[in-house]
Structures are given as structure tokens and as C-alpha cells.
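Below you'll find the structure, written out as C-alpha cells, and then a few comments.
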Amino acid sequence: MGNTSNAGALPAKAIGFAEYGGTDVLRSIEVEVPAPGPGQVRIAVRAAGVNPLDHKVRSGALTGLFPVTLPAVVGYEVAGVVESVGAGVTEWRPGDEVLGAVHGGGYAQYAVAEADRLVRKPAALGWARAAAIPVAAETAWRSLDLLGAESGHTLLVHGAAGGVGTLLLQFARARGIRVIGTASETNHAYLRELGALPVAYGEGLAERVRAAAPGGVDRVLDAAGAGLLPLSVELAGDAEHVLTIADWQGAEQHGVRFTGGEATATYDRPALNGALDLFEAGDLTLPLHRELPLAEAAEAQAESARGHLRGKIVLIVP
Ligand SMILES: NC(=O)c1ccc[n+]([C@@H]2O[C@H](COP(=O)([O-])OP(=O)(O)OC[C@H]3O[C@@H](n4cnc5c(N)ncnc54)[C@H](OP(=O)(O)O)[C@@H]3O)[C@@H](O)[C@H]2O)c1
């Protein structure tokens with residue numbers, strides 16, 4: 001039987017917004033402690049990862065693709081302690097330390113998660129780094145699978161130094177995929193550390209990619225959303241070999257697949273376990289671009305929107 005003590009009772013602190021707009025619509029608000037439904041657990045959040053999705057949802061840019069009910073609390077990945085479990089949950093019990101994706105509500109003291117989307121947090125993995133893993137890992141794993149990227153392939157990744165790119169490069173290296181990654185010059189040494197060949201984006205990109213891969217590229221992942229789909233199709237030789245996670249409008253226009261917004265839960269566990277395997281082997285690189293208190297969520301989103309991250313931004317929940 002589920003233990004839902006405190007549910008709906010004590011107010012909990014969160015950062016939310018009642019209207020779409022700039023970072024100034026974000027407010028400290030009080031919400032009810034959420035009750036876990038069947039198959040769910042309530043987590044006392046210790047850290048919440050910040051993703052570009054958060055500011056895109058807040059600004060109203062994604063109302064067509066990713067609708068939310070206002071007032072809304074964003075935040076799609078957390079690390080924390082299981083506090084209570086809903087009906088039918090046998091895998092977790094109060095006190096378990098976990099990380100995983102949530103359907104929003106992560107910028108808060110408490111969040112509800114589907115029990116089967118979580119994995120156990122290794123004791124040696126800090127809260128902030130744990131919260132930085134779920135979305136990037138799942139997206140990276142899904143992208144490699146949907147692209148059909150295989151050992152021996154050359155994969156071009158636009159926007160390789162961000163959260164998704166950071167994990168994708170490591171998963172790709174483990175699978176024997178050769179990666180050419182685009183980033184600004186300041187991130188080139190970082191991409192090399194992750195086993196990729198860096199190239200600068202901007203004018204002349206096609207020539208630089210051809211020079212780096214005289215045999216051509218087999219697959220392209222667009223994680224930059226910077227109008228690169230026609231060029232990507234040209235380089236890959238086939239729109240089927242290109243995937244974007246960042247340009248859903250361009251995808252429609254250029255006959256390229258977009259992934260995101262659909263049910264992605266099937267990839268969570270393999271992706272999280274893949275990242276934790278790297279951690280256990282001492283091989284996980286996941287820098288925290290910034291670590292801020294929950295109260296500074298507006299600054300975190302502003303930095304995320306500027307779009308030049310190395311690794312991830314994480315909010316620490318008091
Ligand atoms: N569809 C999905 O399921 C899904 C899931 C997760 C994320 N996403 C989307 O995927 C994108 C990447 O996410 P993320 O979390 O990795 O973002 P992020 O951590 O904010 O990283 C963005 C990266 O893009 C690079 N960049 C900026 N302008 C660029 C350009 N013109 N060409 C190439 N790279 C450029 C930056 O590198 P430099 O500093 O070196 O410029 C930065 O490292 C975002 O648009 C996000 O919304 C989609």
C-alpha cells in the first residue's frame with residue numbers, strides 16, 4: 001500500500017511561473033506536497049538539472065509542441081531521496097537515493113517520478129552531478145539508436161559540447177563510432193578529451209567537415225538548431241541519415257526526422273545505466289558549467305538560453 005504522508009498538506013517551495021515570458025516571470029511559489037499515484041514515487045529533491053527545454057517552455061516558444069498548464073513548474077530531471085511510494089511500487093522505499101527524469105515539477109522541494117524511470121544513485125556520485133545526467137543521457141542514447149549509428153560509422157554532431165553532446169560523445173566512443181563535433185574554439189580541447197575531432201561551426205563548416213572526413217560522414221545529429229539541416233543532408237547524402245533534436249520546424253521543412261516530445265521512457269534505464277557504468281569505471285566526464293541555488297533559477301535559465309555551455313547547469317535545492 002502506498003505511503004503518501006504529508007501529501008497535499010504542508011506547502012512546499014518551488015520556482016514557477018503563472019504567465020509565459022522572460023526570466024522575470026519566474027517566482028518563488030508555494031505548492032502542495034505532491035502525492036505519488038500508482039507506479040510513482042515522491043522524491044525529496046536535492047538537485048534539479050537545467051535544460052534548454054526549461055526556458056523554451058517558460059518563454060511560450062513551445063506551446064504547440066510541449067503544452068503545460070499554468071501556473072507551471074518546469075524541471076525535467078532530478079536527484080534526491082525517495083520519500084513515499086504510490087500503490088504497486090515495490091522497487092523503491094523511503095530513504096533510497098535516486099536519479100531520473102520527471103514530467104516537469106523538478107524546480108521544487110518535492111517532485112513525483114514514475115518509479116520505472118529511476119535508477120539508484122551510487123553513494124560516490126554527488127547530488128549535482130547525478131541530477132545532470134538523466135535528460136542528456138536519455139537524449140544521447142535515443143539519438144544514437146534512432147540514427148542507427150554503428151561501430152565504424154563517422155558521425156557529425158552539431159553542438160557537441162553541451163549537455164547532450166557531452167554524453168553522446170562518450171556513448172559513441174564506447175560503441176566504436178568516430179565523432180566529428182562542432183563547437184566554438186574554446187571547447188575544442190574539451191571535445192578532444194571526449195574522443196571527438198573538433199571543428200568550428202560558422203562559415204566554411206562544410207569544407208572543414210569534408211577535410212576532417214574525406215570519406216564522408218555516415219550520420220548527422222543536429223543538437224544545435226542553428227539552421228544546419230540542408231547542409232547536414234548534403235553532407236550525409238540522405239535525409240534519412242540526419243536527425244535533429246533542436247529544430248522541429250526545420251525538420252518538417254527539409255524532410256528530416258525530429259525526435260522529442262514523444263514517449264521516451266523506454267530509453268531511460270539503458271541510458272542511465274550506460275552513464276552510471278562509465279561513472280563506476282571512473283570514465284564519466286560531465287562538467288557542471290554552473291551550480292546555483294534553486295532561488296537563482298532565473299539566472300540559471302538566462303545562462304542556459306545564452307547557449308554556450310560546457311556540460312550542464314544544476315540547481316541545488318535547500
Ligand atoms: N528533442 C529532445 O528530445 C531534446 C532533448 C534534450 C535537448 N534537446 C535540445 O537539444 C539542444 C541541445 O541541448 P543541450 O542540453 O545539449 O544544450 P546546451 O547544454 O545548452 O548546449 C548547447 C551547445 O550548443 C553549442 N552551440 C551554440 N551555438 C551553436 C552553433 N551555431 N553551432 C553548433 N553548436 C552551437 C554550444 O557550444 P559552444 O559554446 O562551443 O558554442 C553549446 O555547447 C537544445 O536545443 C535542446 O533544447 C532536445
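Numbers for the structure displayed
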| quantity | calculated |
| --- | --- |
| Burial ranking of peptide ranges 225-233, 42-50, 182-190, 240-248 (average Cβ count within 10 Å, highest at the top) | 42-50, 240-248, 225-233, 182-190 |
| Calculated from backbone phi, Karplus (6.51, -1.76, 1.60) coupling profile of region 11-27 in Hz, x at Gly/Pro | x, 10, 7, 8, 10, x, 9, 9, 8, 6, x, x, 4, 5, 7, 6, 9 |
| Ordering of 302-309, 98-105 by packing [mean C-beta count within 10 Å, highest first] | 98-105, 302-309 |
| For region 240-250, Karplus couplings with θ = phi - 60° (6.51, -1.76, 1.60), whole Hz, Gly/Pro x | 4, 9, 10, 9, 10, 10, 10, 9, 6, 6, x |
| Extreme residue, positive dipole direction of the chain, given options VAL135, GLY80, ILE177 (C-beta unit charges) | GLY80 |
| Cα→Cβ-extended label distance, 7 Å offset, between ASN273 and THR63, nm | 4.2 nm |
| Burial order of peptide ranges 149-159, 201-211, 269-279 (average beta-carbon count within 10 Å, highest first) | 149-159, 269-279, 201-211 |
| Order of SER59, SER84 - criterion: other Cβ atoms within 10 Å of each residue's Cβ, fewest first | SER59, SER84 |
| Equivalent ellipsoid semi-axes - Cα gyration tensor, region 136-258, angstrom | 18, 16, 14 |
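Throughout, read-outs are computed from the coordinates displayed, never taken from laboratory work. In this text, all values refer to a predicted model and were calculated from it rather than measured experimentally. Using ideal geometry, Cβ is built from the backbone for each residue, glycine included, and neighbour counts are taken over all protein chains shown.
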